Amino acid sequence: MRSGMQRERPVNFETLLPRRNSLLNLRLATTSCLCVTPQAFGLSETRRNVLKPSQPGNYMTFYADLQPLDYFGKEHKSVLRAIGWLRGGQPFSTGDVEESLFERLKVLTSRALQIAAIPGIHQCDLCQFDGPGGSRNLLIPGDGVIYAMPELAIHYIAAHWYQPPEEFQRAVLTCPDTDSMEYKRALLANGGRGMFAARG
C-alpha cells in the first residue's frame, strides 16, 4: 500500500437503518427485490412524519382519530368522530389493514352521501411529490356516534400504511350500502339528522 493512502472500510448496512424509537420515518425505496413494512425494524406503531413538515397549502385539518369533530359545525361535534384526518408533522397509527376492509371502504366512499357543507378539496401532504386530492367524506354509523372519514384516508391506507381504529373497522364491515334506506335510518338513529345531503 502506498504511503498516505487510507484503506477503504467496508460498509455496515445495519448502521444505515433507523434506530428503535427514532423519530425518522422508514422510507425505503420500493424496488423489485425489497419491500419493507413500517414495523420491520421494531418501529413504533405510531408514526410521525418529520421528514417532510407540513407546508402551506390546501391540506387536511388535523384531528386525532376518534376525536369529536367540529369541522362541519359545532352543532355536530357531540355526534361526529374523526377518522383519518391526517396531516404532515402529526402522529398517526400504522399497520396492516385487511384487503376486505380496504375494498369495502372504496365502495362505500364512491357512493357516499355528502355532509351538507363541503369546504373544498384537500391535498395529501404526506407524499413527497404530487399528493392526490379529495373532497368527499364518508359517514359510518357507529354505536351512538357517527364516524366521519375524508376520502383521502383510502390513499393514506394504501400509500402511507395508515391503520384506522379497530372500532371503526368493525363499523365499516357491518355498514349497510350507503344508497340504502337501512343506511339512512342508521345515520338518523345515531344523531345524523340534518347532517347530510342527498347525492346529486
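Pairing residues of the range 186-200 that are of a type in the set (Gly, Ala, Ser) with residues that are open to solvent by less than 80 Å² (accessible area, probe 1.4 Å) and modelled with pLDDT of 80 or more, at Cβ distances under 6 Å and at least 6 apart in sequence or on separate chains, gives Ala186/Pro141; Gly191/Val79; Gly192/Ile146. Evaluating Ala171 against the criteria (1) at pLDDT below 95; (2) under 20 Å from Tyr71 (Cβ atoms) leaves one unmet condition, (1).
Of the numbered criteria (1) open to solvent by less than 20 Å² (accessible area, probe 1.4 Å); (2) in contact with a Lys or Arg (Cβ under 6 Å, 6 or more places away or on another chain); (3) free of Cβ contacts under 8 Å to residues at least 60 places away in the same chain; (4) closer than 27 Å to Met195 by Cα, the one Leu139 fails is (2).
Might you check whether a residue that is part of a loop (DSSP other than H, G, I, E, B), surrounded by 15 or more Cβ atoms within 10 Å (Cβ to Cβ) and modelled with pLDDT of 50 or more occurs anywhere in the range 34-41? Checked against the condition, which is being part of a loop (DSSP other than H, G, I, E, B), surrounded by 15 or more Cβ atoms within 10 Å (Cβ to Cβ) and modelled with pLDDT of 50 or more, the range 34-41 yields no hits at all. Look at (1) touching a Gly at 6+ places or on another chain (Cβ under 7 Å); (2) among the β-branched types (Val, Ile, Thr); (3) open to solvent by less than 10 Å² (accessible area, probe 1.4 Å) and you find that Ile121 fails only one, number (3).
Filtering the range 86-112 to residues that are open to solvent by 40 Å² or more (accessible area, probe 1.4 Å) and within 11 Å of the chain's Cα centre (by Cα) leaves Arg87, Pro91, Ser93. With respect to the conditions (1) in contact (Cβ under 8 Å) with a residue 24 or more places away in the chain; (2) within 26 Å of Arg193 (Cβ to Cβ), Gln67 falls short on a single one, namely (1).
The values are calculated or read from the model by the stated rules, or taken from the named source; none is laboratory data. On a predicted model such as this, the values are computed, not experimentally measured, just so you know. Cβ coordinates were reconstructed from backbone atoms using ideal geometry, including for glycine residues, and neighbour counts include every protein chain displayed. Accessible surface areas use protein heavy atoms only, side chains included; no ligands, DNA or RNA. Shrake-Rupley method; radii C 1.70, N 1.55, O 1.52, S 1.80 Å.
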